1. Anything in the stretch 188-207 that is out of contact with any His (no Cβ under 9 Å at 6 or more places or on another chain) and either within 21 Å of Val17 (Cβ to Cβ) or without any contact (Cβ under 8 Å) to a residue 24 or more places away in the chain (or both)? List them, or say none.
2. Consider Val113 against the criteria (1) crowded, with 24+ Cβ neighbours inside 10 Å; (2) closer than 24 Å to Pro83 by Cα; (3) in contact with a Leu (Cβ under 7 Å, 6 or more places away or on another chain); (4) in contact (Cβ under 8 Å) with a residue 60 or more places away in the chain: it satisfies all of them except one. Which criterion is unmet?
3. Can you work out which of the residues in the stretch 31-90 that are under 18 Å from Arg14 (Cβ atoms), of a type in the set (S, T, N, Q) and in contact with a Gly (Cβ under 7 Å, 6 or more places away or on another chain) is modelled with the highest pLDDT?
4. Please tell me if Arg206 is under 12 Å from the mean Cα position of the chain (by Cα) and either in a strand (DSSP E or B) or within 28 Å of Arg110 (Cα to Cα) (or both).
Amino acid sequence: MRVLVAGATGAIGRELVPMLVSGGHEVYGTTRAPERAEWLRASGAKPIVLDVYDAAAVREAMGVSRPAVVIHQLTDLAAGFGPEQLRANARLRRVGTRHLVDAMLATSGRRLVAQSAAWLYAPGPTPRTEDDPLRDPEASPDDEVTPGILELERLVLRTAGIDGLVLRYGFLYGPGTANRTPRDISEGPYVHVTDAARAAALAVERGTAGPYNIVERADTVSNMRARKELGWEPMNRAASATSRPERTHGS
């Protein structure tokens, strides 16, 4: 199957692309950085150097790759997690997602798997499920994250003609992320970056449209839907890290 991974050289993309290639898919991967194209090529993917803010370039990339499935892993957090970076990331989720959706509607691809967040549920009884509401951004005017997530999910889940799945990841830890172990995460659900990538790989061919919580522990946020529909299971790396703190993930 032809798969286009948008944001293919980020933390999740670097885990995901080899999984898709080894699974027999024909993989196209986008990157903003020309120097990262060689990694994609060496990994067995066809690289596309792309600025997702350029709507015409996104349409051209979609026309060249003709994917059956698009996986949206675009973020803009390489410079950190300060207010300016979070605003830039929210803009990417709004504008970049719109450009991907519009380009898909102009071509043959209809299945869209997109990255979202599992720590944005409104307060309520736990564990929170996908049927529970997310935060109201109007209640927190300084919230830089939720408006971008809400717009991304609206575009992916409510655009006619798009078979959309959103993967609500917990805070990432592991290689290429800001957190070495879950102990580096002060609060909220979490998931190892390899498990996050595996959920996206499974969603290429499994699961009905809608949101899925991709979290390692299900005490505050339920991961039952992902287990049942995607066949996804976390690998319990957190327990391993706690019992053997001297080891690093991926070693």
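1. Here is the first cut: in the stretch 188-207, the ones out of contact with any His (no Cβ under 9 Å at 6 or more places or on another chain) are 188-191, 195-200, 202-203, 205-207.
Scanning the stretch 188-207 gives Val191, Asp195, Ala196, Ala197, Arg198, Ala199, Ala200, Leu202, Ala203, Glu205, Arg206, Gly207.
2. For Val113, the failing item is (2).
3. This residue is Gln73.
4. On the way: under 12 Å from the mean Cα position of the chain (by Cα): no; either in a strand (DSSP E or B) or within 28 Å of Arg110 (Cα to Cα) (or both): yes.
Considered against the rule, which asks whether it is under 12 Å from the mean Cα position of the chain (by Cα) and either in a strand (DSSP E or B) or within 28 Å of Arg110 (Cα to Cα) (or both), Arg206 comes out as no.
The values are calculated or read from the model by the stated rules, or taken from the named source; none is laboratory data. Since this is a predicted model, take the numbers as computed values, not measurements. So basically every Cβ, Gly included, is an ideal-geometry build from the backbone, and we count neighbours across all protein chains shown.
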